[in-house]
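Taken together, the values in this text are just the output of simple stated rules run on the coordinates, not laboratory data. Please read these numbers as outputs of a predicted model, since none were measured by experiment. Don't worry about glycine lacking a Cβ; one is built from the backbone with ideal geometry, like all the others, and counts go over all protein chains shown.
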Ligand SMILES: [Zn+2]
Ligand SMILES: [Zn+2]
């Protein structure tokens, strides 16, 4: 871990102004992927995996021609860097791979999750197979080191109750609550809440879904019926014009100069919604999840 990223404090503690939001606070870890050459012993996006030499490399043979296509490493996360992962089971390492082709129904790359104990991997696979074919260059993440950072999130506007949505759209309610941030009279309150006070943009573990263009869809585990929770968000951008308040201090100069891929170092682009969020069952990471093949783990609870 050779980088640090620091998200500036929110302009307003929205749960202090609107205490109904307090119980809805959720922890998240922003991953802040930045160009690097991570090793198998480090957390990474698009980096090499600590993969047991004896374990078969996963492949995909659906929706494209030719022989089964080896999956591509997307992220490797050690629980020592992202302690929130411990709440999903006993494994201390999560590996996420995907097939670099958009699959039906939403034309996103399907993912595969591998939960393991790093100490069990004594013999590391040296030269993993690469995909024969890739549909989009944007499905091949550039190798990035991570600087995981804990933050607190509140639900996206569309995930809130009608009553809370009404209160957050009412300028008078903000005034009464002491929520008059700089330039308050000109600010669109929903944009302020959405862009700056609720859901962190970019790659992250945990937190809330970043609903924007679509209505929220509740997801339930097909095995036990529990509400699925966000595990990993794979994003196309860490900030845009509406979320500049989330740019880490360390990137502010670079962001101002612009150009290149400063807001998207992994150069990943996923679908029109600009993100792919992997949900898991809070009761067991072994339960199937939408958009993925069956998770692989022998380290359950
Ligand atoms: Zn495939
Ligand atoms: Zn379940």
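The alpha carbon centroids of segment 1-26 and segment 95-130 are separated by 32 Å. Entry note, the chain: the mean residue ellipticity at 222 nm calculated from DSSP H runs of n ≥ 4, each adding -39500 (n - 2.57), is -2000 deg cm²/dmol after division by the residues and rounding to the nearest 500.
Stretch residue 166-residue 269 to full length: gain in nm at 0.36 nm per residue minus the Cα-Cα span? Walk me through the numbers before you get to the answer.
Values: separation 103, 0.36 × 103 = 37.08 nm, distance 3.38 nm.
Gain in length upon complete extension: 33.7 nm.
State, as an integer percentage, the relative contact order of segment 45-95 based on alpha-carbon contacts under 8 Å between residues 6 or more apart. Write down the numbers at each step before the final one.
On the way: 50 pairs, mean separation 17.6, N = 51.
About 35 percent, as a whole number.
The mean of 1/r over all distinct Cα pairs in segment 14-280, once inverted, gives the Kirkwood hydrodynamic radius of 20.0 Å. Label-to-label distance, residue 13 versus residue 240, with points set 7 angstrom from Cα along the beta-carbon direction: 3.1 nm. Each of 108, 62 was scored by other Cβ atoms within 10 Å of its Cβ. Listed from fewest to most, they are 62, 108. Largest GNM mean-square fluctuation across 285, 128, 73, computed for the chain with C-alpha springs under 10 Å, falls on 128. Could you work out the relative contact order of the chain? I mean the mean sequence separation of Cα pairs under 8 Å and 6+ apart, divided by the number of residues, in percent. So the answer I get is 25 percent. Computed over the chain with a Gaussian network model linking Cα atoms closer than 10 Å, the most mobile of 257, 171, 80 is 257.
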